[in-house]
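Peer 1: Take a look at this one; I'll ask things after.
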């Protein structure tokens, strides 16, 4: 984000400048302190899209985020937790967000999810494919200082920090109960995201600043979760045995 001029209307510009800087992430994550988090933790939600080949059912996605199928189907407006999913189907997944001190110089806001390394996995690959840019490989490295990124072994359990935020007291007073973690897509614009998630362009900009780029995690303020529109998914075909010879 480029530094904005504060020479015209200095007080007003300085106010917005400071707030926007606070909202901008580094590649490591989103800074926080105990004073701007509510009780230091909260339950919130990430917006996630089902994806082939590994994440086209709620069981596999639930395993990834360490939640049950019902915990995804209920807020996502899916009638049956055993329903198969179509690619790119929208989901709300609950996470526990905390303001966590990583080391003496870094305190960031995230949900800690354990992930077991499989063949071919890297911090980068899992961050962008499995977790769909809800974190960064740089943040994973910082949160897991005892692991060397180039020497991962199958079976290593790594903490992936999923970016999130909790409403501060002022936001709660204004009936902001959740800050949904949403990864901004190249085809997105703020107006459409706001409409889809039941927020406003002004509210999103107030929380995130004006320099939102593709694949940034955007925090969408809402008083309640919107009703996601789900496609009609045909039931999975039953497995058939071999035809008799």
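Bear in mind that the values in this text are calculations on the coordinates, not laboratory data. Note that the structure is a prediction, hence the values are computed from the model and not measured. Glycine gets a Cβ as well: all are built from the backbone with ideal geometry, and neighbour counts include every protein chain shown.
Peer 1: What distance in nm lies between label points placed 7 Å from Cα along the C-beta direction at residue 154 and residue 41?
Peer 2: My value for the distance between the label points is 3.4 nm.
Peer 1: With Rg and the Kirkwood Rh both taken from Cα atoms, where does Rg over Rh land for the stretch 63-135?
Peer 2: 1.02
Peer 1: Take the alpha carbon atoms of the stretch 154-232, find their radius of gyration, then divide it by 2.2 N^0.38 Å using N residues; give the quotient.
Peer 2: Here the answer is 1.24, to two decimals.
Peer 1: Let me ask you something else. What is the percent of Cα-Cα separations in the stretch 110-183 that go past 14 Å?
Peer 2: So the pairs more than 14 Å apart make up 61 percent of the total in the stretch 110-183.
Peer 1: Give me the orientation-averaged projected area of the Cα convex hull of the stretch 45-105, in nm², one decimal.
Peer 2: 4.9 nm²
Peer 1: Compute the Kirkwood hydrodynamic radius of the stretch 49-202, taking the inverse of the mean of 1/r over all pairs of distinct Cα atoms, and give it in Å to one decimal.
Peer 2: 17.1 Å
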